[in-house]
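Bear in mind these aren't lab numbers, they're just calculated from the coordinates by the rules spelled out. Here the structure is a predicted model, which means the values were calculated and not measured. We place every Cβ from the backbone using ideal geometry, glycine too, and count neighbours over all the protein chains shown.
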Amino acid sequence: MTDLPNQLIDTLRTARHVVALTGAGVSQESGLNTFRDAQVGFWAQYRPEDLATPQAFERDPQLVWDWYAMRRTQARAAAPNPGHLALAEMASLFKSFTLLTQNVDGLHQRAGSPAVIELHGSIQNVRCASCSLHYDSWQETSGEVPHCPACAGLLRPNVVWFGESLPSAALQSALDATQACDLFFSIGTSGLVHPAASLAYAALEHGACLVEINATETPLTAHATHALTGSSGQLLPAILNAYHAAR
Ligand code: APR
């Protein structure tokens with residue numbers, strides 16, 4: 001049985017507005033690489049930071065398209081893990097529950113989370129690099145980078161690359177929920193990439209309780225009200241069980 005601080009469960013029982021921010025660590029137990037894990041196979045020769053940029057796509061669209069196609073195939077073959085499922089159940093426990101994710105794999109939606117704010121977009125759909133039209137499906141001929149049916153421009157993954165702005169509506173919703181929350185979870189994220197990484201500090205600034213769940217220490221750990229070290233696939237169900245047991 002995971003030993004959780006009593007104060008955390010008390011806080012959870014009285015919380016009204018809860019925000020959970022997730023990163024790649026939440027999908028690690030579904031078998032998906034985190035960003036700062038070493039890449040494997042053919043992709044071991046590349047750093048994600050060197051592929052997830054507009055410049056990389058400009059320079060070699062086929063290479064970038066192939067990397068995301070590999071990740072899309074892996075994400076579709078993966079299953080939501082108990083951490084995703086616990087977060088989906090949490091959505092109905094509070095006056096408001098806002099799930100923010102930096103992940104683009106779509107596993108929160110597949111776990112049943114009713115509303116997911118995808119701060120970094122999704123690999124499940126694409127947009128035209130020229131006219132920005134969005135597509136949920138597209139024609140692919142033998143794996144080549146597909147073209148926009150409207151303008152014949154190259155289609156690209158509908159994700160936020162380094163140096164690009166986050167979707168403004170998603171970011172505004174995230175900021176609003178963070179400002180209003182009394183409990184903020186930071187789960188499975190290294191907290192290195194802004195503006196997502198700044199949300200936890202914004203929650204702390206207005207007095208919210210900050211709970212970090214991570215397999216290792218991060219820059220946020222020292223600031224957390226409760227820093228739980230371990231896997232989100234174990235800790236989130238344990239928190240949920242303790243919440244129900246405390247009723
Ligand atoms: N349970 C909890 N935490 C885990 C687990 C696990 N099973 N496995 C790994 N972690 C933690 C790692 O310790 C690390 O702190 O998850 C974190 C993953 O960090 P990153 O790989 O940096 O992923 P993330 O924080 O989501 O990256 C943020 O950076 O590269 C950009 O846009 C990309 O969305 C990504 C953003």
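Peptides 119-127, 30-38: what's the order by average Cβ count within 10 Å, highest mean first? Could you put the intermediate results ahead of the total?
On the way: 119-127: 20.7, 30-38: 15.4.
Answer by packing, highest mean first, reads 119-127, 30-38.
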Problem set entry | Cut-off 13 Å between beta-carbons: net charge of the residues surrounding Leu235, Lys and Arg +1, Asp and Glu -1 | -3
Seminar exercise, completed: Ordering 15-28, 210-223, 105-118 by per-residue average of other C-beta atoms within 10 angstrom, highest first, gives 15-28, 105-118, 210-223
Problem set entry | Contour excess over end-to-end distance, with Cα ends at Leu192 and Glu205 and 0.36 nm allotted per residue | 2.8 nm
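How high is the relative contact order of the stretch 1-155, in percent, with contacts defined as C-alpha pairs under 8 Å that are six or more residues apart? Each step should come with its number before you reach the end.
Details: 191 pairs, mean separation 32.6, N = 155.
About 21 percent, as a whole number.
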Exercise. Over what distance in Å are the Cα centres of the stretch 82-99 and the stretch 122-173 separated?
Worked result: 29
For this session: Would you work out the relative contact order for the stretch 157-211, in percent, from Cα pairs under 8 angstrom that are 6 or more residues apart?
Result: 37
Exercise. Does a label point 7 Å from the Cα of Trp138, set along Cα-to-beta-carbon, have any residues of the stretch 87-126 with amide nitrogen under 18 Å, and which are they?
Worked result: 104-106, 120-126
Seminar exercise, completed: Given 83-95, 56-68, the highest-first ranking by average Cβ count within 10 Å works out to 83-95, 56-68
Problem set entry | More than 17 Å apart - percent of Cα-Cα pairs taken over the stretch 114-247 | 68
Seminar exercise, completed: Using alpha-carbon positions, the gyration tensor of the chain gives root eigenvalues a ≥ b ≥ c; with a/c under 1.5 called rounded, otherwise prolate if a/b exceeds b/c, else oblate, the class is prolate
